[in-house]
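Comments concern the structure below.
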Amino acid sequence: MKFETHHKPYIFGALSGLLLTLSVAVAGQFFGTSTTFPRAASGLVQLLGVDMSQIEFYTVGNGSNTLASFPNWQLLFVIGIGVGAFISSRLSGTFKVEKLPPMWVSRFGDSTRTRVAFSLVGGSLAMIGARMAGGCPSGHGVSGVSQLGLSSLLALAMFFVGGIVTARVLYKGGAA
Amino acid sequence: MTLIFGLITGTLFGVFLQQAEAIRFERQVGAMRLVDMTIVKYMLTTIVVGSIGIYLLRDLGMVEFAPRAFSLGLQVVGGLLFGIGWAIIGYCPGTSIGALAEGRVGVIWPILGMLLGGIIFAFLYPAVQTYIAPIGAFGRLSVADLLGVSHWVVIAFLAVAAGALFRFFEKKGL
């Protein structure tokens, strides 16, 4: 089947909506990815020999925020995203090793140190925000808004408000 | 079996995200710079189809679900913090893994940042629960409950609004 490039987000978006429906019907699971990060991070801290097991965040829900919850559906889902993206990019010839995103380089230069500094701060903010809000663009955005959740609709709107304002500041509103 | 379903579902989702190019830094930041609406088209289409699907399942009595709990404080503060970080790193948690898998190795830094954020949040958690979570907390509320209308009315509105947005995007070449 040959279709135009600009139809792709709609076609694969619709397929993703069907996939969500199937996942809920068959496995009873909604999409979500962000909780896997604090879970994995708790394991890294453990590896360093730091005992944080008494911290409230790791004791709530019988340790559902710790490594003890692995392996679970969401971890496999996150790994799957990697597997799927790898297969798809290989088969379609779009796999490309790229150290820094070109759009980033054209604005901030190709210094790895700058990107690392921004990434650690930005990544921390994103994950703190996602866990505080109760989800990320997949958990709140896709799964939550599909359930017509008021919380998810507000969270998704705030994701974009924060993102648009910040992007405007970072890239000075100039076109690509 | 749950684990196998997770892997299969994730793999298909990864293929769809990659084919739609929704995992690219340029697409994500492009949306926030209002110059490329690829991820908005992708997300809204997923939401419209997904909402029809899951509410159909619920009306048929096949599944039960309730939206995530509403807290004005958590969703406004957390949502804005996420948005700020999202614009800086140009990836969200799920797409970062997909981006790494299609060779965009620079995404390893944002992934490390998000792991770091996961640890920081563990320390912030008690304060967040005490001071931010109670602000405007209304429980598991859906838009249909709030408006007192059928969920199909809300879904129909969502579909029409998405369609109008899509027409606008295509006309403007976004």
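The values are calculated or read from the model by the stated rules, or taken from the named source; none is laboratory data. Everything numeric here is computed off the predicted structure, so don't read it as measured data. Neighbour counts are summed over all protein chains in view; Cβ atoms, including those assigned to glycine, are modelled from backbone coordinates with ideal geometry. Side chains included, ligands, DNA and RNA excluded: accessible areas come from the protein's heavy atoms. Shrake-Rupley method; radii C 1.70, N 1.55, O 1.52, S 1.80 Å.
Check whether at least one residue in the stretch B:58-68 is assigned to a loop (DSSP other than H, G, I, E, B), on the phi > 0 side of the Ramachandran plot and either within 7 Å of another protein chain (Cβ to nearest Cβ) or of a type outside the set (K, R) (or both), and report yes or no. For the stretch B:58-68, residues assigned to a loop (DSSP other than H, G, I, E, B), on the phi > 0 side of the Ramachandran plot and either within 7 Å of another protein chain (Cβ to nearest Cβ) or of a type outside the set (K, R) (or both): present. When the stretch A:12-47 is examined, which residues are found to be over 18 Å from the mean Cα position of the chain (by Cα) and open to solvent by 50 Å² or more (accessible area, probe 1.4 Å)? Within the stretch A:12-47, A:L15, A:L18, A:L22, A:V26, A:G28, A:L44, A:Q46, A:L47 meet the criteria. The sole residue among A:R115, A:R131 that is in contact with a helix residue (DSSP H, G or I) (Cβ under 9 Å, 6 or more places away or on another chain), of a type in the set (D, E, K, R) and either open to solvent by less than 30 Å² (accessible area, probe 1.4 Å) or modelled with pLDDT under 95 (or both) is A:R115. Looking at B:A87, is it out of contact with any Leu (no Cβ under 7 Å at 6 or more places or on another chain) and either within 7 Å of another protein chain (Cβ to nearest Cβ) or open to solvent by 10 Å² or more (accessible area, probe 1.4 Å) (or both)? Answer is no for this residue.
Just name the residue that is nearest to B:A137 (Cα to Cα) out of those in the stretch B:69-84 that are open to solvent by 10 Å² or more (accessible area, probe 1.4 Å) and either more than 7 Å from every other protein chain (Cβ to nearest Cβ) or assigned to a helix (DSSP H, G or I) (or both). Only one residue fits best here, namely B:L72.
Among the residues of the stretch A:28-45, just one is at the interface with another protein chain (Cβ under 8 Å from one of its Cβ atoms), more than 20 Å from B:T95 (Cβ to Cβ) and in contact (Cβ under 8 Å) with a residue 12 or more places away in the chain, namely A:S42. Of all the listed residues (A:V78, A:V83, A:V105, A:V142), the sole one being over 27 Å from A:G163 (Cα atoms) and out of contact with any strand residue (DSSP E or B) (no Cβ under 9 Å at 6 or more places or on another chain) is A:V83.
When A:T94 is tested against (1) open to solvent by less than 50 Å² (accessible area, probe 1.4 Å); (2) modelled with pLDDT of 95 or more; (3) part of a helix (DSSP H, G or I), just one condition goes unmet, and that condition is (3). Selection of the stretch A:46-75 for residues being within 10 Å of chain B (Cβ to nearest Cβ), assigned to a helix (DSSP H, G or I) and closer than 21 Å to B:S96 by Cα yields A:W73, A:Q74, A:L75. If the condition is being more than 7 Å from every other protein chain (Cβ to nearest Cβ) and in a loop (DSSP other than H, G, I, E, B), then the stretch A:2-27 contributes A:K2, A:F3, A:E4. Can you name every residue in the stretch A:28-45 that is in a helix (DSSP H, G or I) and among the hydrophobic types (A, V, I, L, M, F, W, C)? A:F37, A:A40, A:A41, A:L44, A:V45 - these are the residues of the stretch A:28-45 that are in a helix (DSSP H, G or I) and among the hydrophobic types (A, V, I, L, M, F, W, C).
Being more than 7 Å from chain B (Cβ to nearest Cβ) and within 30 Å of B:G50 (Cα to Cα), is that true of even one residue in the stretch A:142-154? Scanning the stretch A:142-154, I find at least one residue that is more than 7 Å from chain B (Cβ to nearest Cβ) and within 30 Å of B:G50 (Cα to Cα), so the answer is yes. Looking across B:D36, B:D59, one residue alone is over 14 Å from the mean Cα position of the chain (by Cα), closer than 18 Å to B:V143 by Cβ and open to solvent by 10 Å² or more (accessible area, probe 1.4 Å). It is B:D59.
The sole residue among A:S124, A:S152, A:S119, A:S143 that is in a helix (DSSP H, G or I), farther than 18 Å from B:G117 by Cα and free of Cβ contacts under 8 Å to residues at least 60 places away in the same chain is A:S152. Among the numbered conditions (1) more than 10 Å from chain A (Cβ to nearest Cβ); (2) open to solvent by less than 70 Å² (accessible area, probe 1.4 Å), the only one that B:I135 does not meet is (2). The set of residues in the stretch B:90-111 that are among the small types (G, A, S), at the interface with another protein chain (Cβ under 7 Å from one of its Cβ atoms) and in contact (Cβ under 8 Å) with a residue 24 or more places away in the chain comprises B:G90, B:G94, B:G98, B:A101.
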